[in-house]
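Each remark here refers to the structure printed beneath this line.
None of the figures in this text is laboratory data; all of them are computed from the coordinates on show. Only a predicted model underlies this, so the values are computations on that prediction, with no experimental measurement involved. Note that each Cβ is placed from the backbone with ideal geometry, even for glycine, and that neighbours are counted across all protein chains shown.
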């Protein structure tokens, strides 16, 4: 144990905030980290008396390692201060996560560090608890798939969470291919067997590596309407094509749209030509085949 370093004024000018702040604060020698003084908040958080700490170092006490202290030293050397550095140490055998802010000071011509430490351990527990609640909630969602993805600078996706609905929607589909489409288009349509989905990317903070994909299951009729928008059909032709695809006869379509059966037949001929089929029985299958446009198939 080193002999304690006695400090006299000019230390007086920091006494008020040093002793009264609720944050843990320490003053240590820059060269080796020997504690010159600590406030009561620090002593209490470490579970030992102030007298037992003074003259020791954080590494002597087993709170952090030499490598961890080097992180602070390197930050001070590089930036003049160590700002918001997270270090995880051990206190009485239990992990403690601290946010360190250190600044060099000179007392009695000795180079020292004034360090403020914020205990983040409870905050991390709360964050982990909240994340657990969030993931449980996302897992319970029915009808909407949720995918949480971490993306690095190369845009290589790493799935952090995916619920069962999303697994079904994305079956047999590489997530990277889907993300390429979503980054480019914002949304797309997906199909697996006889199930249809609308997939979209939810915007997050531009600096966040987390991306969110939602997949919403769609009824056949709604999917057909959306799919028809991707073909070069006029609004009236889309109406006719939709009604024909759900099984209405030419007469029924004519009555519903207040047009003649001859007009319906003319529309159907143009529709078949535009979407590449030769007869009415192929219409629904062609619309639901999901082979063109933004629609992707997992089959």
*asked:* For a quick check: sort 114, 222 by the number of other beta carbons within 10 angstrom, fewest at the front.
replied: 222, 114
*Descending semi-axes in whole angstrom, ellipsoid equivalent of the range 229-288, from the Cα gyration tensor*: 17, 12, 10
*Cα gyration tensor shape of the range 11-120, rounded if a/c is under 1.5, else prolate or oblate by comparing a/b with b/c*: rounded
*In what sequence do 161, 223 fall when counting other Cβ within 10 Å, fewest first?*
161, 223
_Shape verdict for the range 164-258, please, from the Cα gyration tensor: rounded (a/c under 1.5), prolate (a/b greater than b/c) or oblate._
prolate
*Stretchable slack from residue 184 to residue 171, in nm (0.36 nm times residue separation minus alpha-carbon distance)*: 2.6 nm
